[in-house]
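What follows is a single structure, written as structure tokens, with notes after it.
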Amino acid sequence: MAKRKLSKYRAKRDFKKTVEPSGARAAAMTEGATSRSMSGRSGGKQFIATGKAPPAHATGKRSGRAKSVTSRSRLPAPQAVSVMGVSISKPDKELWPDGGDGKTVTKQDLAEYYATVGDWMLPHLEGRPCSIIRAPDGIGGQRFFQRHAMSGMSNLLDLIKVSGDHQAYVAINRVEGLVAVAQTAGLELHPGGCVPGKPDVPGRLVFDLDPAPDVRFDGVIKAALEIRDRLAAIGLVSFCKTTGGKGLHVVTPLAQEKGAELDWSVAKAFAREICRQMAEAAPDKYLLNMSKNERTGRIFLDYLRNDRVSTAVGPLSPRAREGAPVSMPVHWAQVRNGLDPLKFTIRTAPGLLSKNKPWEDYAAAARSLVSAIQKITNTGQASLDESVAREMPKRKAARNSVRGARKAAKKTVTSPRSRSNNSTKVAGRA
């Protein structure tokens, strides 16, 4: 009996050894069990302990790339900042990848730029319809052209009625409104050329010099100087600014006629006549046809900006182009060979503006267009009769019988009474 019990005890002990590992084997199996348990949470795959580390997704460990993505996603969203009391959401949103200095230009940068130069910009925006080019995802994303009021528009922006359009246009009448435009990623501002508060009355003329790709910028400079001299010869004072691209704008402010108002059709006809004279004198350099096929080697003298519903990029407005350039006002002394329009950017413009103070006498330089029309004929340059007649609306057929520049000049003005019903006023805040 004792031998039988001993043999049963030994058999039971040997059996337990075969099914209950000990030492290193037990530890290995325990690690394997842990791996299987973790793998079960990541897809149910099992891995046998081999002395090598199991794959990362089996142990629950993430790769360095996955970890960095996760850590970024867990970062708190940037808080809104306030610029001139206007809340700017997502202030670090990239609008330009490079501001010309190797650094990105963010939404906050744009808001601060508008706040810095706003007092200078405002006289060229206030009381005028202003079209806005918006790029919520920066210059590399989709762009939107906004002219009319939209739902949710900031109450820091105003509205202005333009005859012929039942929808009110946007107007920017305060610097805070500019900052509000930055909040919506408004990269470009294109105001009309009217008298503030009177969209039907021209307040300035803009000559846009648009060169073909093969034309050197020195040629654009010469064209700007020629327009300046032609305008000066008939008593108009002009100013120059870059466009933020390869062209230049020549701008001349117009004085308001006493007891009368100018008409856009006459202003446009006058601008066309100046450009026509230039193109006729040098057809190998200039043309009036905007067709790019015919523009090779020449500069398009764009007079079409001078219309009731037309606009031109505003002074100091940024451009939605590489390098974050701006349309920079300059002194005529700077308009010479070597002028680099791309050096004027969101980064550099504020400092240059405070240092050079261009266009300081702009408001005081306004001159009479009626007087200029009279002088252009008296000097024997050309008659505006045909151009005026061609540009005038049919509803003003009574003016089509203009026979002399002096008579045309007198007919360019209309009685305030006859226009009182068509005059527009700046509406209240949106």
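The values are calculated or read from the model by the stated rules, or taken from the named source; none is laboratory data. The shown structure was predicted, so the numbers you read here are calculated from the model rather than taken from an experiment. As a convention, Cβ positions derive from the backbone with ideal geometry for all residues, glycine included, and neighbour counts pool all protein chains shown. Areas reflect the complete protein model, heavy atoms only, side chains present, ligands, DNA and RNA absent. Shrake-Rupley method; radii C 1.70, N 1.55, O 1.52, S 1.80 Å.
Set the bar at 19 Å for Cα to Cα. Now go through LYS268/LYS292; LYS107/LYS161; LYS161/LYS198 and name every pair that lies beyond it.
LYS268/LYS292; LYS107/LYS161
Label-point separation (nm) for SER354 and ASP101, each offset 7 Å from Cα along Cα-to-Cβ?
1.3 nm
Show me the ranking of peptides 221-231, 281-291 by mean Cβ neighbours inside 10 Å, starting with the highest.
The most tightly packed comes first, giving 221-231, 281-291.
Find which of ALA281, LEU254, ALA212 sits farthest along the positive direction of the dipole of segment 210-302, computed with +1 on the beta-carbon of Lys and Arg, -1 on that of Asp and Glu, about the Cα centre.
Looking along the dipole axis, the top candidate is ALA212.
What is the packing order of peptides 175-183, 234-242, 353-361, taking the mean over residues of other C-beta atoms within 10 Å and listing the highest first?
Packing proxy ranking, top to bottom: 175-183, 234-242, 353-361.
May I ask you to give the percent of accessible area on segment 312-380 that is carbon plus sulfur, with a probe radius of 1.4 Å?
Heavy-atom surface of segment 312-380 belonging to carbon and sulfur, 1.4 Å probe: 51 percent.
Farthest toward the dipole's positive end in segment 155-295, which of VAL170, ILE160, CYS240, given Cβ charges of +1 (Lys, Arg) and -1 (Asp, Glu) about the Cα centre?
Checked the options; the winner is CYS240.
Sorted by average packing, counted as other Cβ atoms within 10 angstrom per residue and highest first, what order do 138-149, 365-376 take?
365-376, 138-149
Give me the percent of the accessible area of segment 101-241 that comes from carbon and sulfur atoms, probe 1.4 Å, all protein chains in place.
Percent of accessible area from carbon and sulfur atoms in segment 101-241: 50.
Convert 25 °C to kelvin, take the viscosity as 0.890 mPa s, use the Kirkwood radius over C-alpha pairs of segment 187-286 as Rh, and evaluate the Stokes-Einstein diffusion coefficient in µm²/s, rounded to a whole number.
D, rounded to a whole number, is 167 µm²/s.
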